[in-house]
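Notes follow the structure.
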Amino acid sequence: MGIIKSTVKVGQKPTKAEMARIRKELNEAKKRQINLEDCPELPPKALKEFAHLAAERNRQQRKQAVTIRVNPVCLSKYKALGKGYTGIMADVLNYVVQNPDILSKARTV
């Protein structure tokens with residue numbers, strides 16, 4: 001069995017067919033035995049290093065609550081997107097920060 005990837009958009013729900021496929025694959029996976037032969041146990045030092053890396057990654061990905069003032073027209077357009085619009089706003093902000101050319105254009109307007 002391989003890895004199955006799916007892209008889901010905000011507010012999108014899986015179809016009944018997709019859910020049936022997922023349930024079927026999970027039931028099949030439960031019946032298989034776990035093979036640990038090609039997966040040796042890690043030494044305590046390596047486990048400690050992985051734990052440190054995971055904690056650092058979690059600290060970097062932790063989101064902070066902020067208060068901003070937004071133009072009412074802009075806010076109403078985001079709210080029209082429905083539930084989860086604040087996440088979309090965050091995604092747009094992240095995209096702009098990742099693309100300095102967009103940011104430089106916004107500053108000159």
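The values are calculated or read from the model by the stated rules, or taken from the named source; none is laboratory data. The structure presented is a predicted model; accordingly, all values stated were derived computationally and were not measured. Quick reminder, even Gly has a Cβ in these numbers, built from the backbone with ideal geometry, and neighbours come from all protein chains shown. Side chains are part of the model used for accessible areas, which takes the heavy atoms of the whole protein and leaves out ligands, DNA and RNA. Shrake-Rupley method; radii C 1.70, N 1.55, O 1.52, S 1.80 Å.
Ranking 74, 50, 95 by Cα position along the charge dipole of segment 20-109, where only Lys, Arg, Asp and Glu carry charges on their C-beta atoms, puts 74 farthest toward the positive end. The distance linking segment 88-106 with segment 1-73 is 26 Å (Cα centroid to Cα centroid, whole angstrom). In terms of accessible area, using a 1.4 Å probe and ignoring ligands and nucleic acids, 16, 9 rank largest first as 16, 9.
Can you classify segment 29-102 as rounded, prolate or oblate using the Cα gyration tensor, where a ≥ b ≥ c are the square roots of its eigenvalues, rounded means a/c under 1.5, and otherwise it's prolate if a/b beats b/c and oblate if not?
Verdict is prolate for segment 29-102.
Applying the Karplus relation 6.51 cos²θ - 1.76 cosθ + 1.60 with θ = phi - 60° to segment 73-81 yields 3J(HN,Hα) values of 5, 4, 4, 5, 5, 5, 5, 5, 6 Hz, where x marks Gly and Pro.
In segment 23-109, which GluC sites (Glu not before Pro) fall in coil by DSSP and have 15 or fewer other Cβ atoms within 10 Å? Hits after loop and neighbour filter: 37, 41. Assuming charge only on the beta carbon of Lys and Arg (+1) and of Asp and Glu (-1), the dipole of the chain about its Cα centre is about 640 debye to the nearest 20. 3J(HN,Hα) along segment 14-23: x, 6, 4, 5, 5, 5, 5, 5, 5, 4 Hz, from the Karplus curve 6.51 cos²θ - 1.76 cosθ + 1.60 with θ = phi - 60°, whole Hz, x for Gly and Pro. Note on segment 5-109: lysine pairs with Cα distance below 19 Å, sequence gap of 8 or more or different chains, count 10.
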